[in-house]
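Data first, discussion second: the structure below is written as C-alpha cells.
Coordinate-derived values only; no laboratory data. Keep in mind that this is a model prediction, so the values were computed, not measured. Positions of Cβ are generated from backbone atoms using ideal geometry, with glycine treated the same way; all protein chains shown enter the neighbour counts.
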Amino acid sequence: MGANTSSKPPIFDENEEVTFDHFEILRAIGKGSFGKVCIVQKNDTKKMYAMKYMNKQKCVERNEVRNVFKELQIMQGLEHPFLVNLWYSFQDEEDMFMVVDLLLGGDLRYHLQQNVRFQEGTVKLFICELALALDYLQSRHIIHRDMKPDNILLDEHGHVHITDFNIATILTKGMQVTTIAGTKPYMAPEMFNSTKPTGYSFAVDWWSLGITAYELLRGRRPYHIRSNTSTNEIAHVFKTATVMYPAAWSKEMVSLLKKLLEPNPEERFAQLKDIQDFPYLADINWDAVLQKRIMPGFIPTKGRLNCDPTFELEEMILESKPLHKKKKRLAKKEKDTNKSYSSQGCRLQKHLESLQRDFIVFNRERMRRHHNEIQENITLAQTKDPEEEDSQNNNL
C-alpha cells in the first residue's frame, strides 16, 4: 500500500506558491473587526486549517492595513505549542488570507457563555500554559496587548492557545510604549496612565492573564469595567474598588491572582520565573506542561464545533460576497475590463494595487524544507572525507 501511495504524483509542485485555489472551504466559524474565519482543507495533504481572511477594500477604508501587515510580520516569526501558529499567507484581488492552526475546542469566551465554570485545577494549568506562551513572546520582545477569553482557543484536548496579534507590538530597546490599545476590561492600570514618561511594558499581559483567570473561575471579572467606560472612570475604579475573592477558592490561588492583579507593575508577577518560584506551583513539571503531557480538567465536546452556529448562517444568507463563490465571482470580474471608476474609486484602486505589491507571502512548510536542506548541507560538510578536502585545498 505504501508503494502505491508514494507512486502517485503530487497534486501540487512543492515549489508552487500556495493560493486560495489550493484549499477547499468547509464552513464559517467566526468573525471580528479584522474579518472572518473559516475552516479549510488543503487539497494535496488533506490537512485542516483555520483561514482568516480580510477584505482589502475594507482594510483600506478603515485604515487597518498597517495593523494587518504588523500582525503578519509578527506571526511569521513565531512558533510555540501554546500559540495559534501561522502556516501560509497570500492574497487575491479581493482579500488577504492567513492560514493558521485549526483548534476545534472553541474560545474561552464561548465556553463562559455556555455557563461553564472552570475548576481551580483547570485554571491553574491554563495559567501555567499561558505563562509559557507569554514568556516566549517576551523573549521575542512582543507585547500581545489583547489577552482575554475571546483570544484564547482550546484544542481538542483542552490545551490553551493564544491568537489574534492584531494590536500586538514589538518593544525595541530604548523605546517606550504609551499607546492606549486593548480591550478596556482587561487592560492594566498603567495603560491608562500612559501619558507619563514611564509608559508600560510586558507586565500588562500578565495583568490580563490575572483578569482572565479570575473570570474563568467566577464567571465575571473582578472590576466593573466595560468597553464604553471612560478612561477617567476606569482610573477611579482602580483607586477605589476592592476585589472580592470567594471563600471557596483556595488561599494559594487567591495569593497567585493577587500577585497577577497587583496595580503596581513593578511589584506584579510579570515573568515566568515569578510564577515558577511561587509555592502554589511548586509541584508543576514545567517540561511536561510544555510538551502537553498534563491533561486539562476540562475537555471540549468532541464531534461538534464549539462555536456560534450563526456564523455559518450569516455567511450563507447575509454575506453579499460569500467566500465559497469567490472563484466564479473573480472569473466574471475579469471579463469586465472596461469598468469606470470615480476619482475616489481610482484612489482606492491605487491603495489596493499597493497592497497587492506589499502583502507578505509566507509558507512555513517551505521555510522548514529550506532549513532542513541547510542543516543537511552543514552535516555533509562536517562529515566530508579529510583526504578529499585536502585534495580540494591543494587544487586551490
Greater than 19 Å separation of Cα atoms is the criterion. Which listed pairs, Lys52/Lys124; Lys184/Lys251; Lys46/Lys70; Lys58/Lys184; Lys42/Lys292; Lys124/Lys259, meet it? Lys52/Lys124; Lys184/Lys251; Lys46/Lys70; Lys58/Lys184; Lys42/Lys292
Order these by the 10 Å Cβ neighbour count, fewest first: Met75, Met253. Met253, Met75
Working out 0.36 nm times the residue gap between Ser201 and Gln291, then minus their Cα-Cα distance, what length gain in nm do you get to one decimal? 29.6 nm
Burial ordering of Ser255, Ser89, Ser227, Ser201, fewest other beta-carbon atoms within 10 Å first: Ser227, Ser255, Ser201, Ser89
From Cα pairs below 8 angstrom and at least 6 apart in sequence, can you work out the relative contact order of the stretch 108-290, rounded to a whole percent? 24 percent
How many nm is it between the label spots at Arg218 and Ser255, if each spot is 7 Å from the Cα in line with the beta carbon? 2.0 nm
Exposure proxy check: Tyr223, Tyr214 ranked by fewest other beta carbons within 10 Å? Tyr223, Tyr214
Grab the beta carbon distance between Val361 and Glu79, set R0 = 30 Å, and tell me the FRET efficiency rounded to 0.05. 0.95
